[in-house]
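Beneath this line is the structure, given in structure tokens, with notes to follow.
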Amino acid sequence: MKMIRRLLPLSLAALAGAAVAGGLAFAVAPSGEPAAPPAPAAPPAALQPAAGQTLSDAQRAAAGVTIGTAERRALAGRETVPGLVQANAYRSALVSSRIAGVVQQRHATLGQTVRAGQPLATLFSPEIAEAQAAFLLAEQEWRRVREIGRDIVAGRRWAEAEIGREAARARLTTLGLPAGQVEALARAGRLASPGLLTLAAPQAGIVTADAFRVGERVEAGHPLFEVSDPATMWVEARLPPALAASAAPGAQAWVLAGGERLPAEIRQILPALDEQTRTLGLRLEVANPGRRLTPGQFVQAEIAAPPREAVVVPAGAVGRDGDGHDTVFVVETDGRFIPRAVTVSAAVDGLAAVEGLAPGTRIATAGVFLLQSELAKGAAPDRP
């Protein structure tokens, strides 16, 4: 037993030496229990990520890298919020029948450009047929009275014939028959196509809705078409009440869509506060040459806001690191370019307002992409 106790420490020591020789290392506590493994050794310097690199003047010139300074200045305030394109309702019209009827024929289709007065659809209505017949009878009576002459016809009959004719004409007009069709019916003196009513475009524009089918019975007032003028569009956006208070009808705004920045104008600030988002609605009007904007399209609305002090850098000085964070390259006193994460709070007229950067800091203002790909490989940006 004494011999085993004397040999145990020697055996543990031999095992430890063998482990070291095989690539493992652990310590043996004086009590004979294995101790926690030591911290791994630092990798060679060649494997450590670079904290920054230095470029010569010739290298900077060849790479297009320029150096500037972050500045504190008053930045023109602009707030960018999501917006939804809608048809200008003040330049749109719904086309419906004033009486119930059955659609007999379609003359226009969805997306078609139409002119004012162009036929859109023809309906049949028994009520129109009755009104047309009554008008023809009244017209014939009026003609007979006039042929006899006012000197012979009693005054009451003359008045009844004249008033009856005008009442029958007014009824046709009230039912939606155009004045031209009424005059044509009076000249013809007979019903060539009784009961037919042709609906015409009340304005020039594009057919943006046509929710019906030929043969369908439609009720009075049911919209068959919508015709919209695409020359201007509305963009509906929502703003916090504090920001909406600084906006006013007639103020300048912009709409960002498809890589374009289109000038717009604030037309209305909707009075009702949204109960869920606690925001106010803002309606912009934007010119739409070439029909680049379509109803239902999502865009960005840029609203002017009061100026504010901020640390600004050229917009081209801000890049994105591998994690998607906004990054600038700070120039150290020894000439190294060090990536530093910042937060961009606004971007106006080629300038970016950044947080996490002190005024006077020297930064790379151009060539940031090259610095990211070549100079900062594997380098994690310093976070303030």
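The values are calculated or read from the model by the stated rules, or taken from the named source; none is laboratory data. Since we're looking at a predicted model, the values are computed, not measured. Note: ideal-geometry Cβ built from the backbone for every residue, glycine included; neighbour counts use all protein chains shown.
Scan region 122-141 and give yes if some residue there is surrounded by fewer than 17 Cβ atoms within 10 Å (Cβ to Cβ) and either touching a helix residue (DSSP H, G or I) at 6+ places or on another chain (Cβ under 6 Å) or at pLDDT below 90 (or both), otherwise no.
Among the residues of region 122-141, at least one is surrounded by fewer than 17 Cβ atoms within 10 Å (Cβ to Cβ) and either touching a helix residue (DSSP H, G or I) at 6+ places or on another chain (Cβ under 6 Å) or at pLDDT below 90 (or both), which makes the answer yes.
Per-residue answers, yes or no, for (1) touching a residue at least 60 places away in the same chain (Cβ under 8 Å); (2) outside any loop (DSSP other than H, G, I, E, B); (3) assigned by TED's automatic domain parsing to the domain that holds Leu239:
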site	(1), (2), (3)
Gly324	no, no, no
Thr327	no, yes, no
Val330	no, yes, no
Asp334	yes, no, no
Ala346	yes, yes, no
Val354	yes, yes, no
Ala358	yes, no, no
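With the requirement that a residue be of a type in the set (D, E, K, R) and at pLDDT below 95, what does region 92-121 give you? Even if it seems obvious, please write down each step before you answer.
To start, the set of residues in region 92-121 that are of a type in the set (D, E, K, R) comprises 98, 106, 115.
The one that is of a type in the set (D, E, K, R) and at pLDDT below 95: Arg98.
If we only count helices (runs of 4 or more DSSP H) wholly inside region 125-200, which ones have 3 or more residues that are more than 30 Å from Thr109 (Cβ to Cβ) and touching a residue at least 12 places away in the same chain (Cβ under 8 Å)?
Numbers: elements: 126-148, 155-174, 179-188.
Hits in region 125-200: 126-148, 155-174.
Filter region 201-220 down to residues that are of a type in the set (D, E, K, R) and in a loop (DSSP other than H, G, I, E, B) and give me whichever is surrounded by the most Cβ atoms within 10 Å (Cβ to Cβ).
Taking the candidates together, the pick is Asp210.
Out of curiosity, is Ala62 among the small types (Gly, Ala, Ser), under 30 Å from Glu302 (Cα atoms) and either outside the structural domain of Gly215 (by TED's automatic domain parsing) or at pLDDT 95 or above (or both)?
Considered against the rule, which asks whether it is among the small types (Gly, Ala, Ser), under 30 Å from Glu302 (Cα atoms) and either outside the structural domain of Gly215 (by TED's automatic domain parsing) or at pLDDT 95 or above (or both), Ala62 comes out as no.
Please count how many residues of region 167-180 are surrounded by fewer than 18 Cβ atoms within 10 Å (Cβ to Cβ) and at pLDDT below 90.
Total satisfying the criteria: 3.
Would you pick out the residues in region 109-124 that are assigned to a loop (DSSP other than H, G, I, E, B) and aliphatic (A, V, I, L, M)?
Those that are assigned to a loop (DSSP other than H, G, I, E, B) and aliphatic (A, V, I, L, M): Leu110, Ala116.
Take the residues in region 352-369 that are crowded, with 19+ Cβ neighbours inside 10 Å and aliphatic (A, V, I, L, M), then tell me which one is farthest from Pro314 (Cα to Cα).
Leu357
Residue check: is Leu94 under 30 Å from Leu370 (Cα atoms) and touching a strand residue (DSSP E or B) at 6+ places or on another chain (Cβ under 6 Å)?
Values: under 30 Å from Leu370 (Cα atoms): no; touching a strand residue (DSSP E or B) at 6+ places or on another chain (Cβ under 6 Å): yes.
In short, no.
Take residues that are loosely packed, with under 11 Cβ neighbours inside 10 Å and tell me which of the strands (runs of 3 or more DSSP E) falling wholly in region 240-298 contain 2 or more.
The qualifying strands (runs of 3 or more DSSP E) are 260-273.
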